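Q: Below is the structure I would like to discuss, written out as structure tokens.
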């Protein structure tokens with residue numbers, strides 16, 4: 001009788017232990033889908049703009065108007081061709 | 001030449017508020033023509049060289065009363081210009097015609113005296129000190 005009880009317990013254990021363990025985490029679809037949305041949202045949102053000021057970015061080279069010559073009609077014009085004032089010197093070299 | 005040109009260049013041309021044009025005036029016959037021709041030929045090689053030759057011609061004005069092509073060819077070489085091209089240019093009739101055209105243009109606008117200059121469309125005859133230019137330019141809104 002005692003042997004029969006042990007055998008019954010063993011058989012019960014075999015059927016119970018054959019069950020897969022209960023899931024301890026959320027199904028894969030539940031974790032994957034929201035993650036994809038978050039990533040997409042992060043990608044579409046405007047990225048924060050960081051302006052890095054350096055010497056090279058600020059110091060654009062100034063035009064050297066004293067070495068800038070434009071040909072306007074028959075004349076060689078020294079300086080900024082868009083200057084607000086045009087000075088004409090009428091001269092002989094002698 | 002405007003006596004105050006160096007000051008005007010430093011104060012106004014350098015900062016881009018004024019640009020400078022030189023207009024040929026032939027007052028001394030062939031000597032004048034050859035000097036103007038040299039400036040034009042320098043400019044035909046490099047536009048900036050027009051102004052470099054302009055400065056040289058005024059700086060050595062005393063040598064221009066009896067100029068020779070060889071003298072001017074030497075000056076062109078000093079500026080790093082091509083002597084052969086300069087030599088050909090000095091006899092180029094199209095350059096001679098251009099100089100005559102510019103001289104005629106100044107007569108057409110009424111320039112009779114030297115020195116004369118124009119600030120935009122205002123013709124001013126006679127010398128003007130630097131302070132006079134400063135005042136005229138201020139009237140045009142340039143400081």
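Q: For residue B:36, all conditions in the list (1) within 25 Å of residue B:122 (Cα to Cα); (2) free of Cβ contacts under 8 Å to residues at least 60 places away in the same chain hold save one; what is the number of the exception?
A: All conditions pass for residue B:36, except number (2).
Q: Looking only at the range A:78-92, count every residue that is in a strand (DSSP E or B) and more than 20 Å from residue B:33 (Cα to Cα) and tell me the total.
A: So the answer is 4.
Q: May I pose another question? From B:101, B:107, which residue is in a helix (DSSP H, G or I), modelled with pLDDT of 95 or more and surrounded by fewer than 19 Cβ atoms within 10 Å (Cβ to Cβ)?
A: B:101
Q: In the range B:29-83, which helices (runs of 4 or more DSSP H) lie fully inside it and hold 1 or more residues that are within 18 Å of residue A:74 (Cβ to Cβ) and at the interface with chain A (Cβ under 9 Å from one of its Cβ atoms)?
A: Output list reads B:29-45, B:47-59.
Q: How many residues are at the interface with another protein chain (Cβ under 7 Å from one of its Cβ atoms), within 13 Å of the chain's Cα centre (by Cα), in contact (Cβ under 8 Å) with a residue 60 or more places away in the chain and under 27 Å from residue B:140 (Cα atoms) when one looks only at the range B:1-28?
A: 4
Q: Is it the case that the range B:49-59 has a residue that's over 22 Å from residue A:71 (Cβ atoms) and without any contact (Cβ under 8 Å) to a residue 24 or more places away in the chain?
A: yes
The values are calculated or read from the model by the stated rules, or taken from the named source; none is laboratory data. What you see is a predicted model, and the numbers here were worked out from it, not measured in a lab. Positions of Cβ are generated from backbone atoms using ideal geometry, with glycine treated the same way; all protein chains shown enter the neighbour counts.
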